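Data first, discussion second: the structure below is written as C-alpha coordinates.
The values are calculated or read from the model by the stated rules, or taken from the named source; none is laboratory data. Nothing here was measured: the structure is a model prediction, and the numbers come from that model. Quick reminder, even Gly has a Cβ in these numbers, built from the backbone with ideal geometry, and neighbours come from all protein chains shown.
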(Lines give C-alpha, C1' and ligand atoms only; values in the text may rest on other atoms or scores of the structure.)
Protein backbone atom coordinates (compact mmCIF):
# COMPACT_ATOMS: atom_id res chain seq x y z
CA UNK A 1 0.00 0.00 0.00
CA UNK A 2 2.83 2.36 0.89
CA UNK A 3 4.66 1.52 -2.34
CA UNK A 4 1.50 2.29 -4.34
CA UNK A 5 1.13 5.66 -2.56
CA UNK A 6 4.75 6.53 -3.29
CA UNK A 7 4.24 5.52 -6.94
CA UNK A 8 1.40 8.01 -7.38
CA UNK A 9 2.93 10.76 -5.22
CA UNK A 10 5.87 11.65 -7.45
CA UNK A 11 3.87 11.89 -10.73
CA UNK A 12 1.35 14.10 -8.97
CA UNK A 13 4.12 16.33 -7.62
CA UNK A 14 5.64 16.59 -11.10
CA UNK A 15 2.26 17.48 -12.60
CA UNK A 16 1.64 20.13 -9.93
CA UNK A 17 5.10 21.62 -10.54
CA UNK A 18 4.49 21.83 -14.28
CA UNK A 19 1.08 23.42 -13.73
CA UNK A 20 2.50 25.99 -11.31
CA UNK A 21 5.30 26.89 -13.73
CA UNK A 22 2.79 27.24 -16.57
CA UNK A 23 0.49 29.47 -14.54
CA UNK A 24 3.48 31.54 -13.41
CA UNK A 25 4.65 32.04 -16.99
CA UNK A 26 1.14 32.92 -18.19
CA UNK A 27 0.83 35.50 -15.42
CA UNK A 28 4.16 37.09 -16.36
CA UNK A 29 3.13 37.10 -20.00
CA UNK A 30 -0.18 38.78 -19.19
CA UNK A 31 1.56 41.53 -17.20
CA UNK A 32 4.01 41.88 -20.10
CA UNK A 33 1.07 42.35 -22.49
CA UNK A 34 -0.62 44.97 -20.30
CA UNK A 35 2.64 46.91 -20.04
CA UNK A 36 3.11 46.84 -23.82
CA UNK A 37 -0.45 48.03 -24.46
CA UNK A 38 -0.08 50.81 -21.90
CA UNK A 39 3.12 52.08 -23.53
CA UNK A 40 2.00 51.55 -27.11
CA UNK A 41 1.21 55.17 -27.92
CA UNK A 42 3.28 56.85 -25.20
CA UNK A 43 5.16 59.82 -26.61
CA UNK A 44 5.54 61.22 -30.12
CA UNK A 45 8.76 59.30 -30.68
CA UNK A 46 6.81 56.07 -30.97
CA UNK A 47 5.29 56.95 -34.34
CA UNK A 48 8.49 56.64 -36.38
CA UNK A 49 9.36 53.34 -34.69
CA UNK A 50 5.84 52.06 -35.33
CA UNK A 51 6.10 52.95 -39.04
CA UNK A 52 9.37 51.04 -39.33
CA UNK A 53 7.79 48.01 -37.67
CA UNK A 54 4.74 48.21 -39.94
CA UNK A 55 7.08 48.16 -42.92
CA UNK A 56 8.97 45.16 -41.56
CA UNK A 57 5.99 43.14 -40.29
CA UNK A 58 3.38 44.22 -42.84
CA UNK A 59 4.83 45.47 -46.11
CA UNK A 60 7.69 42.98 -46.33
CA UNK A 61 5.26 40.12 -45.66
CA UNK A 62 2.94 40.95 -48.57
CA UNK A 63 4.73 38.67 -51.04
CA UNK A 64 4.66 35.72 -48.63
CA UNK A 65 0.97 36.24 -47.84
CA UNK A 66 0.17 36.56 -51.55
CA UNK A 67 1.89 33.27 -52.40
CA UNK A 68 0.32 31.36 -49.52
CA UNK A 69 -3.11 32.87 -50.25
CA UNK A 70 -2.87 32.07 -53.96
CA UNK A 71 -1.91 28.42 -53.55
CA UNK A 72 -4.28 27.89 -50.63
CA UNK A 73 -7.15 29.21 -52.73
CA UNK A 74 -6.12 27.12 -55.72
CA UNK A 75 -5.97 23.94 -53.64
CA UNK A 76 -9.29 24.70 -51.93
CA UNK A 77 -10.95 25.43 -55.28
CA UNK A 78 -9.72 22.18 -56.77
CA UNK A 79 -10.57 19.93 -53.82
CA UNK A 80 -13.98 21.48 -53.15
CA UNK A 81 -14.89 21.37 -56.83
CA UNK A 82 -14.20 17.63 -56.96
CA UNK A 83 -16.14 17.05 -53.73
CA UNK A 84 -19.15 19.20 -54.69
CA UNK A 85 -19.36 18.04 -58.31
CA UNK A 86 -19.81 14.49 -57.03
CA UNK A 87 -23.21 15.58 -55.70
CA UNK A 88 -23.93 17.99 -58.55
CA UNK A 89 -23.46 20.96 -56.23
CA UNK A 90 -20.47 22.66 -57.90
CA UNK A 91 -22.55 25.86 -58.03
CA UNK A 92 -21.87 26.21 -54.31
CA UNK A 93 -18.09 26.30 -54.85
CA UNK A 94 -17.88 30.03 -54.13
CA UNK A 95 -19.87 29.65 -50.92
CA UNK A 96 -17.68 26.85 -49.60
CA UNK A 97 -14.42 28.61 -50.41
CA UNK A 98 -15.54 32.01 -49.15
CA UNK A 99 -16.88 30.73 -45.83
CA UNK A 100 -13.86 28.55 -45.08
CA UNK A 101 -11.34 31.21 -46.08
CA UNK A 102 -12.88 34.29 -44.48
CA UNK A 103 -13.90 32.59 -41.25
CA UNK A 104 -11.02 30.19 -40.63
CA UNK A 105 -8.14 29.71 -43.01
CA UNK A 106 -7.22 33.30 -43.86
CA UNK A 107 -6.74 34.53 -40.25
CA UNK A 108 -5.03 31.32 -39.12
CA UNK A 109 -2.68 30.83 -42.08
CA UNK A 110 -1.78 34.53 -42.18
CA UNK A 111 -0.96 34.52 -38.47
CA UNK A 112 1.13 31.34 -38.71
CA UNK A 113 3.10 32.66 -41.67
CA UNK A 114 3.68 35.98 -39.91
CA UNK A 115 4.83 34.07 -36.85
CA UNK A 116 7.43 32.23 -38.90
CA UNK A 117 8.62 35.30 -40.73
CA UNK A 118 8.20 38.29 -38.39
CA UNK A 119 7.63 36.70 -34.98
CA UNK A 120 10.84 34.69 -35.05
CA UNK A 121 12.76 37.79 -36.12
CA UNK A 122 11.30 39.80 -33.23
CA UNK A 123 12.34 37.12 -30.74
CA UNK A 124 15.85 36.86 -32.15
CA UNK A 125 16.30 40.64 -32.26
CA UNK A 126 15.25 41.21 -28.65
CA UNK A 127 17.08 38.08 -27.50
CA UNK A 128 20.36 39.21 -29.03
CA UNK A 129 19.91 42.62 -27.43
CA UNK A 130 19.34 40.91 -24.09
CA UNK A 131 22.41 38.65 -24.15
CA UNK A 132 24.60 41.49 -25.45
CA UNK A 133 23.38 43.67 -22.53
CA UNK A 134 21.90 46.33 -24.82
CA UNK A 135 18.61 46.16 -22.90
CA UNK A 136 20.51 46.72 -19.66
CA UNK A 137 22.19 49.71 -21.29
CA UNK A 138 18.80 51.17 -22.22
CA UNK A 139 17.68 50.82 -18.61
CA UNK A 140 20.84 52.54 -17.36
CA UNK A 141 20.21 55.43 -19.79
CA UNK A 142 16.68 55.77 -18.32
CA UNK A 143 15.03 54.50 -21.53
CA UNK A 144 12.16 52.12 -20.91
CA UNK A 145 13.01 48.96 -22.95
CA UNK A 146 9.35 47.98 -23.15
CA UNK A 147 8.41 51.35 -24.60
CA UNK A 148 11.39 51.41 -26.95
CA UNK A 149 11.35 47.80 -28.21
CA UNK A 150 8.02 46.08 -27.58
CA UNK A 151 5.30 48.75 -27.77
CA UNK A 152 5.98 49.74 -31.44
CA UNK A 153 5.93 46.08 -32.45
CA UNK A 154 2.59 45.59 -30.69
CA UNK A 155 1.06 48.59 -32.50
CA UNK A 156 2.41 47.36 -35.83
CA UNK A 157 0.96 43.87 -35.28
CA UNK A 158 -2.46 45.30 -34.41
CA UNK A 159 -2.49 47.19 -37.72
CA UNK A 160 -0.72 44.72 -40.00
CA UNK A 161 -2.45 41.44 -39.14
CA UNK A 162 -6.02 42.50 -40.16
CA UNK A 163 -4.82 44.18 -43.37
CA UNK A 164 -2.78 41.15 -44.42
CA UNK A 165 -5.72 38.88 -43.58
CA UNK A 166 -7.98 40.91 -45.89
CA UNK A 167 -5.33 40.68 -48.61
CA UNK A 168 -5.12 36.92 -48.06
CA UNK A 169 -8.91 36.68 -48.51
CA UNK A 170 -8.83 38.48 -51.85
CA UNK A 171 -5.92 36.48 -53.25
CA UNK A 172 -7.33 33.14 -52.09
CA UNK A 173 -10.74 33.84 -53.64
CA UNK A 174 -9.03 34.74 -56.90
CA UNK A 175 -6.92 31.57 -56.74
CA UNK A 176 -10.01 29.45 -56.15
CA UNK A 177 -11.71 31.13 -59.11
CA UNK A 178 -8.65 30.38 -61.23
CA UNK A 179 -8.75 26.63 -60.62
CA UNK A 180 -12.48 26.10 -60.10
CA UNK A 181 -13.74 28.25 -62.97
CA UNK A 182 -10.94 28.64 -65.49
CA UNK A 183 -9.28 25.23 -65.17
CA UNK A 184 -12.10 22.90 -64.12
CA UNK A 185 -15.06 24.58 -65.78
CA UNK A 186 -17.34 25.74 -62.97
CA UNK A 187 -19.83 28.46 -63.83
CA UNK A 188 -18.21 31.87 -63.31
CA UNK A 189 -21.44 33.75 -62.62
CA UNK A 190 -22.59 31.17 -60.09
CA UNK A 191 -19.18 31.28 -58.39
CA UNK A 192 -19.13 35.04 -57.77
CA UNK A 193 -22.85 35.20 -57.02
CA UNK A 194 -22.49 32.52 -54.34
CA UNK A 195 -19.48 34.33 -52.86
CA UNK A 196 -21.47 37.57 -52.63
CA UNK A 197 -24.65 35.99 -51.27
CA UNK A 198 -22.99 33.74 -48.69
CA UNK A 199 -20.75 36.31 -47.01
CA UNK A 200 -22.08 38.95 -44.66
CA UNK A 201 -20.42 41.53 -42.47
CA UNK A 202 -20.49 39.25 -39.41
CA UNK A 203 -18.21 36.78 -41.20
CA UNK A 204 -15.74 39.47 -42.25
CA UNK A 205 -15.86 41.09 -38.83
CA UNK A 206 -15.21 37.75 -37.15
CA UNK A 207 -12.15 37.19 -39.33
CA UNK A 208 -10.81 40.62 -38.43
CA UNK A 209 -11.40 40.02 -34.71
CA UNK A 210 -9.49 36.77 -34.98
CA UNK A 211 -6.59 38.43 -36.78
CA UNK A 212 -6.32 41.16 -34.13
CA UNK A 213 -6.31 38.59 -31.32
CA UNK A 214 -3.72 36.53 -33.17
CA UNK A 215 -1.56 39.60 -33.65
CA UNK A 216 -1.64 40.33 -29.92
CA UNK A 217 -0.79 36.71 -29.09
CA UNK A 218 2.08 36.47 -31.57
CA UNK A 219 3.66 39.78 -30.55
CA UNK A 220 3.28 39.06 -26.83
CA UNK A 221 4.71 35.55 -26.95
CA UNK A 222 7.57 36.33 -29.34
CA UNK A 223 8.66 39.51 -27.57
CA UNK A 224 8.30 37.88 -24.15
CA UNK A 225 10.50 34.94 -25.13
CA UNK A 226 13.19 37.26 -26.49
CA UNK A 227 12.98 39.69 -23.56
CA UNK A 228 13.52 36.92 -21.00
CA UNK A 229 16.08 34.89 -22.95
CA UNK A 230 18.60 35.33 -20.15
CA UNK A 231 16.35 33.47 -17.70
CA UNK A 232 16.27 30.28 -19.78
CA UNK A 233 17.91 27.65 -17.60
CA UNK A 234 20.68 25.55 -19.11
CA UNK A 235 21.04 27.72 -22.21
CA UNK A 236 23.12 30.88 -22.45
CA UNK A 237 24.36 33.08 -25.25
CA UNK A 238 23.47 32.30 -28.86
CA UNK A 239 22.08 28.89 -27.90
CA UNK A 240 19.62 30.59 -25.58
CA UNK A 241 18.48 32.89 -28.38
CA UNK A 242 17.93 29.93 -30.71
CA UNK A 243 15.97 28.07 -28.03
CA UNK A 244 13.86 31.16 -27.30
CA UNK A 245 13.12 31.64 -31.01
CA UNK A 246 12.06 28.02 -31.44
CA UNK A 247 9.94 28.15 -28.30
CA UNK A 248 8.30 31.41 -29.42
CA UNK A 249 7.28 30.02 -32.81
CA UNK A 250 5.92 26.78 -31.36
CA UNK A 251 4.00 28.49 -28.55
CA UNK A 252 2.60 31.10 -30.94
CA UNK A 253 1.31 28.47 -33.38
CA UNK A 254 -0.31 26.48 -30.55
CA UNK A 255 -1.83 29.67 -29.12
CA UNK A 256 -3.20 30.63 -32.55
CA UNK A 257 -4.93 27.28 -33.04
CA UNK A 258 -6.30 27.21 -29.49
CA UNK A 259 -7.57 30.80 -29.76
CA UNK A 260 -9.10 30.01 -33.14
CA UNK A 261 -11.20 27.23 -31.61
CA UNK A 262 -12.32 29.42 -28.70
CA UNK A 263 -13.15 32.41 -30.91
CA UNK A 264 -15.03 30.24 -33.42
CA UNK A 265 -17.12 28.84 -30.57
CA UNK A 266 -17.93 32.34 -29.37
CA UNK A 267 -18.44 34.16 -32.67
CA UNK A 268 -20.52 31.60 -34.60
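Scanning the stretch 216-224 turns up one or more residues that are more than 15 Å from residue 123 (Cβ to Cβ) and either in a helix (DSSP H, G or I) or touching a strand residue (DSSP E or B) at 6+ places or on another chain (Cβ under 8 Å) (or both). If you check 165, 115, 95, 123 for being at pLDDT 90 or above, surrounded by 18 or more Cβ atoms within 10 Å (Cβ to Cβ) and over 17 Å from residue 212 (Cβ atoms), only one passes: 123. Those helices (runs of 4 or more DSSP H) of the stretch 54-153 in which 2 or more residues are under 15 Å from residue 171 (Cα atoms) occupy 62-85, 93-100, 106-114. What tally of residues in the stretch 175-224 results from selecting those that are surrounded by fewer than 21 Cβ atoms within 10 Å (Cβ to Cβ) and within 23 Å of the chain's Cα centre (by Cα)? Residues flagged as surrounded by fewer than 21 Cβ atoms within 10 Å (Cβ to Cβ) and within 23 Å of the chain's Cα centre (by Cα) within the stretch 175-224 amount to 11.
Considering only the stretch 229-238, I want to know if a residue exists there that is modelled with pLDDT of 85 or more, within 30 Å of residue 146 (Cβ to Cβ) and part of a helix (DSSP H, G or I). Yes; the residues of the stretch 229-238 include at least one that is modelled with pLDDT of 85 or more, within 30 Å of residue 146 (Cβ to Cβ) and part of a helix (DSSP H, G or I).
Among all positions in the stretch 14-27, there is at least one residue which is surrounded by 12 or more Cβ atoms within 10 Å (Cβ to Cβ), more than 23 Å from residue 264 (Cα to Cα) and modelled with pLDDT under 90.
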